[in-house]
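The values are calculated or read from the model by the stated rules, or taken from the named source; none is laboratory data. As the structure is a computational prediction, the values presented were derived from the model and not from experiment. We place every Cβ from the backbone using ideal geometry, glycine too, and count neighbours over all the protein chains shown. The accessibility values were calculated without ligands, DNA or RNA, using every heavy atom of the protein model including side chains. Shrake-Rupley method; radii C 1.70, N 1.55, O 1.52, S 1.80 Å.
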Amino acid sequence: MTIRVLIADDQEMVRAAFRMILDSQPDLSVVAEAADGASAVGQARSLRPDVCLLDIRMPRLDGLEATRLLAGPGVQDPLNVVIATTFDLDEYVYRALRNGACGFLLKDGAPGLLTEAVRAAAAGNSLISPSVTVRLLAHLAPGRPGPAAPRDRSAPAAEPLTRRELDVVRLVARGLTNDEVAAALYVTLSTVKTHLGSVQRRLGLRNRVQIAAWAWENGVCGSPR
């Protein structure tokens, strides 16, 4: 299946570069472009692309607020949003994750990282630029101030996780893919997906980024038992 992508950036050259990179892949297709956040939200709601690739600093509506409107807590049937920006300020990273983004990239990253992030978002996974991840996880360690993991306010109170669910969460928080988690725990891929789905329901979280943030904030990133 072809992954349909919407690009929103106020710089035409950036949009053209992203389109060239994405359209060069046989499984990716750019279906819309927007030069401001308001247009991006309107087109995204109308076209329902598989992934919305948003800049942060845009006229009329910035990418962080656009993310909240498309994927934030309380949004029915949220879209997959990946932020692509020149600015890796902690404030932007935290707000993007709180507002429901499932990816955060720097524009100066390798083209392969862009395509990988789009594919991950379409599959319900997440990817953050490595340089951002290291700093983010440091802030999320217990005893350090950082962002609260975004939680769907309509979700029921969090239920305790099982021992096996915690094992999966620990490995996800270290950046392992589902396949790598399955191999590490000697279980099937479908079992890992089942555990992740259960974790998201129990904690009121929406994606792997939020699961990892919860794990680091709550000090459960020790070795699996």
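What to note about this one:
- Against the numbered list (1) open to solvent by less than 50 Å² (accessible area, probe 1.4 Å); (2) touching a residue at least 12 places away in the same chain (Cβ under 8 Å), Trp214 comes up short only at (1).
- Looking across the stretch 75-100 at every residue that is among the charged types (D, E, K, R) and within 14 Å of the chain's Cα centre (by Cα), the one that is least open to solvent (accessible area, probe 1.4 Å) is identified as Arg95.
- Failed item, numbered, when Ala121 is tested on (1) farther than 21 Å from Gln11 by Cα; (2) not aromatic (Phe, Trp, Tyr); (3) not in a helix (DSSP H, G or I): (3)
- Against the test of being of a type in the set (D, E, K, R) and at pLDDT below 95, the options Arg57, Arg15, Arg19 yield a single qualifying residue, Arg57.
- Qualifying residue in the stretch 69-85 (condition: at pLDDT 95 or above and of a type in the set (D, E, K, R)): no
- Tallying residues that are surrounded by fewer than 19 Cβ atoms within 10 Å (Cβ to Cβ) and not polar (S, T, N, Q) within the stretch 1-28 yields 14.
- Matching residues in the stretch 49-103 - criterion: being small (Gly, Ala, Ser), under 17 Å from Ala120 (Cβ atoms) and touching a Gly at 6+ places or on another chain (Cβ under 6 Å): Ala71, Gly100
- Sub-9 Å Cβ pairs linking a first residue in the stretch 1-18 that is over 19 Å from Val41 (Cα atoms) to a second residue that is among the basic types (Lys, Arg) and surrounded by 14 or more Cβ atoms within 10 Å (Cβ to Cβ), at least 6 apart or interchain, are Ala17/Lys107, ordered by first then second residue.
- Filtered by the rule that a residue be out of contact with any Cys (no Cβ under 7 Å at 6 or more places or on another chain) and closer than 21 Å to Ala117 by Cβ, the stretch 190-213 gives Val192, Lys193, Leu196, Gln200, Leu205, Arg206, Arg208, Gln210, Ile211, Ala212, Ala213.
- Residue in the stretch 101-118 that is most open to solvent (accessible area, probe 1.4 Å), counting only those that are in contact with a Ser or Thr (Cβ under 8 Å, 6 or more places away or on another chain), of a type outside the set (Lys, Arg) and outside any helix (DSSP H, G or I): Asp108
- All helices (runs of 4 or more DSSP H) inside the stretch 127-225 with 3 or more residues being in contact with a Lys or Arg (Cβ under 8 Å, 6 or more places away or on another chain), at pLDDT 75 or above and not aliphatic (A, V, I, L, M): 163-173
- Top-ranked residue in the stretch 39-89 [being touching a Pro at 6+ places or on another chain (Cβ under 8 Å) and small (Gly, Ala, Ser); ranked as farthest from Gly204 (Cα to Cα)]: Ala71
- Filter result (closer than 16 Å to Thr2 by Cβ, within 18 Å of the chain's Cα centre (by Cα) and surrounded by 15 or more Cβ atoms within 10 Å (Cβ to Cβ)) within the stretch 29-51: Pro49, Asp50, Val51
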